[in-house]
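The values are calculated or read from the model by the stated rules, or taken from the named source; none is laboratory data. Since the model is a prediction, treat every value here as computed from it, not as a measurement. As a convention, Cβ positions derive from the backbone with ideal geometry for all residues, glycine included, and neighbour counts pool all protein chains shown. Accessible surface areas use protein heavy atoms only, side chains included; no ligands, DNA or RNA. Shrake-Rupley method; radii C 1.70, N 1.55, O 1.52, S 1.80 Å.
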Amino acid sequence: MDKQNAQMNASHPGTNSPAEYPPQNSPAAFQEPPGHTGYHGPPAAFPGTQTVYPGPLGAYPGTQADAGPVGFPVQHQPMYHQPGGSVGLLPRMPAPPPPSDCPPGLEYLSQIDQILIHQQVELLEVLIGFETNNKYEIKNSLGQRIYFAAEDTDCCTRNCCGASRPFTMRILDNMGREVMTLERPLRCTSCCCPCCLQEIEIHAPPGVPIGYVTQNWHPCLPKFTVQNERREDVLKIVGPCVVCSCCADIDFEIKSIDEENVVGKISKQWTGFVREAFTDADNFGIQFPIDLDVKMKAVMLGACFLIDFMFFETSGGKEQRTGVWQ
């Protein structure tokens, strides 16, 4: 038997006889056999697979991520408090891509055909009749805020000149940038003097005139001409003879140059007995063709503010106009 084992070991080098195998629990049992190079670890990843955990995924659709795309700042929408203490997002119109030849900030007007203007109620005016700077929210038909308008006039001018005062109206976008400036000079308020009638100048951006709204003399009707930056007539605005109405809107029609076609209107909206009687906070609506030049849409805003001050602004608790175009 020993001779047979010796012959087997000689014919199969590198093998051990049963007596030469170490116990299974001894360290020698885990020694690598001759010719074995050792464990090389798991196989490499297949091409196209990730070998490192990429980190958490982005936010789910509809939620705000902590960071935006590379190169773009994160814009956090301002919050407002709802009744009952809950917090929500203030609805604001997102900025569409600007069309060609559009002044910066006016791209909001390129895709709408209606504007709503809501004047804020000033408590100081209601209580003691002290004239303060007017403030307005400008919204689209969905109620989303597009702009915020604020009058910039000194205290002496406001309370001495009343609704006939010259003013500067600054219009800001949702980011707080001034995109338009309206300038109304001091002019005559009586139609009996046709040499110095009302006018307002519209700048977008500030310092660059894009249009004008000038009053036309007429013995019975309030009339205005809308002009472009070159003082060329573009549209006409014609109001009613009696600029007064109870429980109904008052419309100023926007017409073509020959006044044959009505293309839109500026409406002073009825806001209720209490608000009409005790405040001068008015609501307006402007309608125009959606394909109207964006600059002329901005000029319509200036026309609306001029009409508000001429016919519906109060001074010391009294209406600026008696309601009849004189």
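Please give the per residue accessible area of the stretch 218-274, computed with a probe of 1.4 Å over protein heavy atoms only, in Å².
Details: 2880 Å² over 57 residues.
Computed with neighbouring chains in place, this is 51 Å² per residue.
Determine, from the Cβ-Cβ distance of T168 and E260 and an R0 of 35 Å, the FRET efficiency 1/(1 + (r/R0)^6), rounded to the nearest 0.05. Kindly include the intermediate steps, with their values, before the conclusion.
Values: r = 36 Å, r/R0 = 1.02.
Here the calculated transfer efficiency is 0.50.
Once amide H atoms are built 1.01 Å from N in the peptide plane, which residues 5 or more positions from F252, or in another chain, come under 5 Å H to H?
I266, S267, K268
Starting from the Kirkwood Rh over alpha-carbon pairs, what translational D in µm² s⁻¹ does the stretch 206-264 have by Stokes-Einstein at 37 °C and 0.692 mPa s? Intermediate values should be presented prior to the final figure.
Values: Rh = 12.6 Å.
D = 260 µm²/s.
Using a Förster radius of 41 Å, what is the FRET efficiency between C241 and E137 based on their Cβ-Cβ separation? Nearest 0.05, please. Display every interim value, and only then the final one.
Values: r = 31 Å, r/R0 = 0.75.
The formula returns an efficiency of 0.85 here.
Could you sort 210-223, 251-264 so that the peptide with the highest average Cβ count within 10 Å comes first and the rest follow in order?
210-223, 251-264
Tabulate in residue order the Karplus-calculated ³J(HN,Hα) for the stretch 286-302, using 6.51 cos²θ - 1.76 cosθ + 1.60 with θ = phi - 60°, rounded to whole Hz; enter x for Gly and Pro.
10, 10, 8, x, 5, 8, 5, 3, 4, 5, 5, 5, 5, 5, 5, 4, x
7 Å from Cα along Cα→Cβ at both Q114 and C155: what's the point-to-point distance in nm?
In this crude spin-label approximation the distance works out to 4.2 nm.
Suppose R0 equals 22 Å; then what is the FRET efficiency for R231 and C102 from their Cβ-Cβ distance, rounded to the nearest 0.05?
On the way: r = 21 Å, r/R0 = 0.96.
Step by step, r from the Cβ atoms, then E = 0.55.
Provide the net charge surrounding I200, with neighbours chosen by a C-beta distance below 13 Å and charges set as Lys +1, Arg +1, Asp -1, Glu -1. Mind dumping the intermediate values first?
Working: positive: R165, R184, R187; negative: E151, E183, E199, E201, D308.
Counting the neighbours of I200, the net charge comes to -2.
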